[in-house]
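Derivation of every value follows stated rules applied to the coordinates shown; laboratory data play no part. Note that the structure is a prediction, hence the values are computed from the model and not measured. Cβ coordinates were reconstructed from backbone atoms using ideal geometry, including for glycine residues, and neighbour counts include every protein chain displayed.
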Amino acid sequence: MRAVAHVTKVEPRQDYVLHLWFADGTDKDVDIRPLIRGALFKPMIEDINVFRAVKVDDEIGTIVWPNGADLDPEVLRYDLKPAWMEEEEAERAKNRAV
């Protein structure tokens, strides 16, 4: 069983890559661009400076932006797919099977 992920530090890198540190002692670069979509993330997609305003919210253990957007720390730590991505893939698979 894997430990619950908790982001402890974030540092923006090139483009939409963030360097993340986790409570379990690991750290890594994560390309966030494939994970952000929709109206809540639109300001970050359109303006890299808004994207770079990312911070860690210690209370919820993940990264957040000033407009309230956040990402699941499990997705970030364990390279999981967000729920919306899994749903889209399942729908595509279902359509191919028809």
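Below is a table of values for the structure above.
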| quantity | calculated |
| --- | --- |
| Spread of Cα-to-Cα distances over 5 Å intervals beginning at zero, given as percent, for region 7-97 | 3, 13, 24, 23, 18, 9, 6, 3, 1 |
| Three-way shape call for region 37-88 based on the alpha-carbon gyration tensor, with the a/c threshold at 1.5 | oblate |
| Normalised contact order of the chain, rounded percent, pairs of Cα under 8 Å and 6 or more residues apart | 23 percent |
| Local electrostatic count at A23 - Lys and Arg +1, Asp and Glu -1, tallied over other residues with Cβ under 14 Å | -2 |
| Residue-span extension gain [R96 to A3] - 0.36 nm each, minus C-alpha spacing | 29.9 nm |
| Estimated distance in nm for a label pair at R33 and K81, the labels positioned 7 Å out from Cα along Cα-to-Cβ | 2.0 nm |
| Nearest 10 degrees, 0 to 90: helix 83-97 Cα axis against the chain principal axis | 20 degrees |
| Reachable aspartates and glutamates from K9, criterion Cα separation under 17 angstrom, eight or more residues apart if same chain | D24, D27, D29, D31, D57, D58, E59, D70, D72, E74 |
